[in-house]
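The values are calculated or read from the model by the stated rules, or taken from the named source; none is laboratory data. Just so it is clear, the structure is predicted and the values come from calculations on it, not from any experiment. Cβ placement follows ideal geometry from the backbone for every residue including glycine, while neighbour counts extend to all protein chains displayed. Surface areas here come from the heavy atoms of the whole protein model, side chains and all, with no ligands, DNA or RNA. Shrake-Rupley method; radii C 1.70, N 1.55, O 1.52, S 1.80 Å.
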Amino acid sequence: MEDVDIPNRRVLITGATGLLGRAVYKEFNENNWHAVGCGYSRARPKFERINLLNSVEVHDIIQDFQPHVIVHCAAERRPDVVESQADAVSQLNVTASGNLAKEAAGVGAFLIYISTDYVFDGTNPPYKESDAPNPLNLYGKTKLEGEKAVLENNEGAAVLRIPILYGEVENLEESAVTVMFDKVQFSNKSANMDHWQQRFPTNIKDVACVCRQLSEKRMLDPSIKGTFHWSGNEQMTKYEMACAIADAFNLPSSHLRPITDSPVVGALRPRNAQLDCSKLEMLGIGQRTPFRVGIRESLWPFLVDKRWRQTVFH
């Protein structure tokens, strides 16, 4: 076998089969890092199959690979699923995160724990890293407990809070943004869209870029640790996102109906949990893809009527 130039910076990504994890893996891989991804149900053949609840498996892969950085993307992130499977979710979002932090500390790896804007109650935005969290739902509570477990077990770790994500999806259900595309496309029936909760849709490529930039800065500066926020800066309700999606594909939006009441079903959601990102910006870290650009890139493979391509690409 000829000598392959394997970059000497090693990164381990958990949840590498998921929406964000795939983007993080790709970002590091394409920027001269030796990346190893691990997943569980969808892992093989591309990624290592690791059960994060099995401390022996976790210990072994970290000892074998000796990563410089671990990006912990794996989590149960569907708030309504969390409410129904509280114990299992707490195991993954809290216990496994604390254990991973401990193992990372053991090999001197920089751990980035991916958290959420849902740690805030959404009554007093924008939120700085130092603002007191007050999660409204169990998902937010487990992610906040995960943050604490990580920082208690590894004082050099980082917590990166991010909001609603979208990007290159394997299916439309994978993101709460892309899942709206069918409602937009099938304009023969009216669709109710939430126009109450203020969101900041964020492209997975941008979050991946932040993870890499943070890691590279940390390699030079051990003071890079603690809590950070990253978010897109376009404020939109789901109704406004749906209209922007329709607009991006020259589709009608008159069948979309804005619902301005707060939702009554499912887990409670914060009204506006806008994240203040100035801490990362001051470090010169960040990247933001305009929503229209990112959403077109993410959704065009799922467009039912392909005729519009001529008008867009020619």
Which percent of the accessible heavy-atom area of segment 1-158 goes to carbon and sulfur, probe 1.4 angstrom? 45 percent
C-alpha long axis of helix 55-65 to longest principal axis of the chain, angle in °: 80 degrees
Can you tell me the orientation of helix 138-153 relative to the chain, as the angle in degrees between its alpha-carbon axis and the longest Cα principal axis, to the nearest 10? 20 degrees
Within the chain, helix-based [θ] at 222 nm, where runs of 4 or more DSSP H residues each add -39,500 (n - 2.57), nearest 500: -10500 deg cm²/dmol
J(HN,Hα) series, segment 254-263, from Karplus relation 6.51 cos²θ - 1.76 cosθ + 1.60, nearest Hz, glycine and proline x: 5, 7, 7, 10, x, 10, 9, 7, 6, x
Rounded to the nearest 5, the percent of DSSP beta bridges in the chain running antiparallel is 5 percent
Using heavy-atom solvent-accessible surface (probe 1.4 Å) with all chains present, what is the largest-first order of MET180, MET219, MET282? MET282, MET219, MET180
Sticking with the crude label model, points 7 Å out along Cα→Cβ, report the distance from TRP196 to GLN66 in nm, one decimal please. 5.5 nm
Residues whose modelled amide H sits under 5 Å from the amide H of ASN134, counting only those 5 or more places away in sequence or on another chain, are PHE120, ASP121
Summed side-chain charge close to VAL69 - residues other than VAL69 whose Cβ falls under 10 Å, Lys, Arg +1, Asp, Glu -1: +3
Please tell me the relative contact order of segment 1-117 in percent, rounded to the nearest whole number, where contacts are Cα pairs under 8 Å and at least six residues apart. 26 percent
Once normalised by the length of segment 154-311, the mean sequence separation of its alpha carbon contacts under 8 Å that are 6 or more apart gives a contact order in percent of 35 percent
Heavy atoms of LEU220: accessible area, 1.4 Å probe, square angstrom to 10: 150 Å²
In range of the label at ASP305: residues from segment 236-272 whose backbone nitrogen is under 16 Å from the point 7 Å along Cα→Cβ: 245-256
Highest-fluctuation residue, VAL265, VAL179, VAL56 considered, GNM on the chain with Cα pairs under 10 Å: VAL265
Going by amide H atoms built from the backbone, whose H comes under 5 Å of the H on ILE114, apart from near neighbours? HIS72, LEU160
Any idea what angle helix 96-107 forms with the longest principal axis of the chain, computed on alpha-carbon atoms, 0 to 90 degrees, nearest 10? 40 degrees
